[in-house]
């Protein structure tokens, strides 16, 4: 007789008794979803994993510290038999059958009355994938792969689905990450896919713009260092005008919107105009670009702190807000953004205030891009090395002993630039606009 398919249904378990028998890794995986559904969970197990025990001690569910016994499923709506003893699981399943309680059995799906689907969620949509009937159940890994593909497609906008609610006009300030399009957040990519208008920085993940539907208007908000630039006032005005026209607007930035990205200036302007603003954090180039070439900004026994500094204003300039003498006294890592033009003056200031001349320096140009390269130096030679090697924006400059920690560390002041880091590849894209 051919196998009949399972009937899919969603259980509303809020406030209802759910019994989980067994405290191992299966319970550890299933408990969070049950608790998120608001179930009144009772766990029956003499011992549990440390994670499950911590959840119980936090009062997230009731833990009966004993073996299963007949009657434990009284008044239950749902049960999970998840011990490593088949006889116990069979007894739980039998009681569930007698009490007409749906029961999942972890060790023998065919003996259960319910199956746990491969489940994922994306923006209010729950995706549950079950094996079909008419043959043997599919490998759970295959079901999980189907689930993951659907959730990923919904999350990043590559799987188009009708929206269940009207689109809300407004502006999303989206951090695009250090440049590689794969390093934007899932939420950022989804909002980008849903946008009517995209106001894009030069060094955001521009490869993603090619994926936008033809009707999406793209506004170039490029700021070329010491060259052409769209004025910040014009950017603000464009955001306001399109949002007030009822459009969904994404302000796509490199790195993180609030790390030297003028994101707060834009948010304040939009708030003053009564426009709803959503901020989507991005991976900052200050930590991700060094990581891409094997440099940790902190490392046990080497650096317990790191400081991120804008170097667009040189030491001694009346506009500078940086205390270079204090930075020179720090023992941790110094990460400088927008510092290529002034690296010579900055190095001199750090040396003058006591930073050792042999302090390692790495200059990572166009990090996470196919054109990524790393130039190593010391504080004493940084300015000269930057000129010799033609280092240009965008670049992140790292000062400190962590430069020599990673497996890809270059010589302190070698004769040539180190090769591109491991993150470089043919699909990489421009870096964040803070790495100038």
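The values are calculated or read from the model by the stated rules, or taken from the named source; none is laboratory data. Everything numeric here is computed off the predicted structure, so don't read it as measured data. Neighbour counts are summed over all protein chains in view; Cβ atoms, including those assigned to glycine, are modelled from backbone coordinates with ideal geometry.
Evaluated against (1) within 16 Å of the chain's Cα centre (by Cα); (2) at pLDDT below 80, residue 162 falls short on exactly one condition, (1).
Residues in segment 346-376 that are buried (at least 16 other Cβ atoms within 10 Å of the Cβ), more than 22 Å from residue 325 (Cβ to Cβ) and either modelled with pLDDT of 95 or more or in contact with a strand residue (DSSP E or B) (Cβ under 9 Å, 6 or more places away or on another chain) (or both): 362, 363, 364, 365, 366, 367, 368, 372, 373, 374, 375, 376.
Return the residues of segment 1-29 that are in contact (Cβ under 8 Å) with a residue 60 or more places away in the chain, within 19 Å of residue 49 (Cβ to Cβ) and touching a strand residue (DSSP E or B) at 6+ places or on another chain (Cβ under 6 Å); say none if nothing qualifies. Spell out the reasoning first.
Residues of segment 1-29 that are in contact (Cβ under 8 Å) with a residue 60 or more places away in the chain, as a first pass: 2-6, 8, 10-11, 13, 16-22, 24, 26.
Next cut, within 19 Å of residue 49 (Cβ to Cβ) only: 18-22, 24, 26.
18, 19, 20, 21 - these are the residues of segment 1-29 that are in contact (Cβ under 8 Å) with a residue 60 or more places away in the chain, within 19 Å of residue 49 (Cβ to Cβ) and touching a strand residue (DSSP E or B) at 6+ places or on another chain (Cβ under 6 Å).
The residues of segment 175-189 that are under 23 Å from residue 338 (Cα atoms), in a helix (DSSP H, G or I) and touching a helix residue (DSSP H, G or I) at 6+ places or on another chain (Cβ under 6 Å) amount to a single one, 181.
Can you find a residue in segment 105-113 that is over 30 Å from residue 185 (Cα atoms), assigned to a strand (DSSP E or B) and touching a strand residue (DSSP E or B) at 6+ places or on another chain (Cβ under 6 Å)?
First pass over segment 105-113, keeping only residues over 30 Å from residue 185 (Cα atoms): 105-113.
Then drop every residue that is not assigned to a strand (DSSP E or B), which leaves 105.
This time we only want the ones that are touching a strand residue (DSSP E or B) at 6+ places or on another chain (Cβ under 6 Å), so: 105.
Checking segment 105-113: at least one residue is over 30 Å from residue 185 (Cα atoms), assigned to a strand (DSSP E or B) and touching a strand residue (DSSP E or B) at 6+ places or on another chain (Cβ under 6 Å).
Could you check, for segment 255-274, whether at least one of its residues is on the phi > 0 side of the Ramachandran plot, under 22 Å from the mean Cα position of the chain (by Cα) and outside any loop (DSSP other than H, G, I, E, B)?
Within segment 255-274 (the criterion being on the phi > 0 side of the Ramachandran plot, under 22 Å from the mean Cα position of the chain (by Cα) and outside any loop (DSSP other than H, G, I, E, B)), the answer is yes, since at least one residue qualifies.
With respect to residue 32, is the statement that it is surrounded by fewer than 20 Cβ atoms within 10 Å (Cβ to Cβ) and within 21 Å of residue 90 (Cα to Cα) true? It is false that residue 32 is surrounded by fewer than 20 Cβ atoms within 10 Å (Cβ to Cβ) and within 21 Å of residue 90 (Cα to Cα).
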